1. Considering only segment 86-109, how many residues are open to solvent by 80 Å² or more (accessible area, probe 1.4 Å) and under 20 Å from residue 168 (Cα atoms)?
2. Taking the stated definitions as given, is residue 112 part of a loop (DSSP other than H, G, I, E, B) and under 27 Å from residue 73 (Cβ atoms)?
3. Would it be correct to say that residue 55 is at pLDDT 95 or above, part of a helix (DSSP H, G or I) and either in contact with a Ser or Thr (Cβ under 9 Å, 6 or more places away or on another chain) or surrounded by 15 or more Cβ atoms within 10 Å (Cβ to Cβ) (or both)?
4. Failed condition for residue 157, given (1) open to solvent by 20 Å² or more (accessible area, probe 1.4 Å); (2) farther than 22 Å from residue 116 by Cβ; (3) at pLDDT 95 or above, with all others met?
5. In segment 1-45, how many are buried (at least 17 other Cβ atoms within 10 Å of the Cβ), within 20 Å of residue 80 (Cβ to Cβ) and not charged (D, E, K, R)?
6. Which one is farthest from residue 20 (Cα to Cα), of the residues in segment 58-79 that are open to solvent by 90 Å² or more (accessible area, probe 1.4 Å) and in a helix (DSSP H, G or I)?
7. Go through the residues of segment 12-27 one by one and say whether even a single one is in contact with a His (Cβ under 9 Å, 6 or more places away or on another chain), within 27 Å of residue 115 (Cα to Cα) and either part of a helix (DSSP H, G or I) or not basic (Lys, Arg) (or both).
8. Only residues in segment 102-113 that are under 15 Å from residue 92 (Cα atoms) count as the first member; pair them with residues that are assigned to a helix (DSSP H, G or I) and of a type in the set (Phe, Trp, Tyr), Cβ under 7 angstrom, at least 6 apart or cross-chain, and list the lot.
Amino acid sequence: MPMSLAPAYQQQVQALYLRHHGWLHGWLRRRLGDGDAAADLAHDTFVRLLGRPHALHALREPRAYLGAIAHGLAASHLRRRALEAAWLQTLAALPEAHAPSPERRAITLQTLHQLDEALHTLPARVRQAFLMAQFDGMKQRDIAAALGLSVPTVKKYMQRAWLACLHLMPED
C-alpha cells in the first residue's frame, strides 16, 4: 500500500470499526456462545481488512463483507476447537506410560492445526477423497465408486492433497 494511501485507508477502517464493531462482536457472540472468542475474532476481522486495501473501494454492504470475513474466521475457530477436543480425548484414552510429553503434545497439536488449515484450502471433494484414503483406509477405486468419480480423478485429487501437505514441510 503506498504511503500516501495508508492514513486515508486506516481512517476508513477505523470508521468501519467504530460503526460496526459492536454489531460484529454481538453477531459472533451469538454464533459462538463465547464472548472472549467473539472479541478475538471481531478484532481479527478488522486486522484482515487492514491487509486488503482494495476491499473498501466499492464496498456497499459493509456488514455483509465483515460478516463473510468473520464467518470464515469463526468456522476455522470452531474446527480448531473440535480438533483440540478430539486430540485431548485421544490423549485421555492413552495409558499414562504412553502419554507424550507436554512439548510433544504442543508440537502435535500445532501440526494438526497446520494440516487442518492446509486441507481446508482444498475443494471439499478433494479433501473428502483424501480423508477417505487416509483415515478410512479406502482404495482409490473404492473412493471413486463412493464419490461417483473416475479413478484418474481420484489420483489427481490425491496428488493435490499431498502437495498441500508437502507445502507444510520445512525447507532445509
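The values are calculated or read from the model by the stated rules, or taken from the named source; none is laboratory data. Since the model is a prediction, treat every value here as computed from it, not as a measurement. Backbone-built Cβ (ideal geometry, glycine too); neighbour counts: all protein chains shown. When the accessible area is computed, the model is the full protein with side chains, heavy atoms only, and any ligands, DNA or RNA have been set aside. Shrake-Rupley method; radii C 1.70, N 1.55, O 1.52, S 1.80 Å.
1. Here the count works out to 3.
2. Details: part of a loop (DSSP other than H, G, I, E, B): no; under 27 Å from residue 73 (Cβ atoms): yes.
Here the answer is no, as residue 112 does not meet what is asked.
3. Numbers: at pLDDT 95 or above: no; part of a helix (DSSP H, G or I): yes; either in contact with a Ser or Thr (Cβ under 9 Å, 6 or more places away or on another chain) or surrounded by 15 or more Cβ atoms within 10 Å (Cβ to Cβ) (or both): yes.
Here the answer is no, as residue 55 does not meet what is asked.
4. Residue 157 satisfies every listed condition except (2).
5. Going through segment 1-45 one residue at a time, the tally reaches 10.
6. Residues of segment 58-79 that are open to solvent by 90 Å² or more (accessible area, probe 1.4 Å), as a first pass: 60-61, 63, 71.
Now restrict to residues that are in a helix (DSSP H, G or I): 63, 71.
Working: 63: 7, 71: 15 Å.
Restricting to residues being open to solvent by 90 Å² or more (accessible area, probe 1.4 Å) and in a helix (DSSP H, G or I), the top hit is 71.
7. no
8. 109/87
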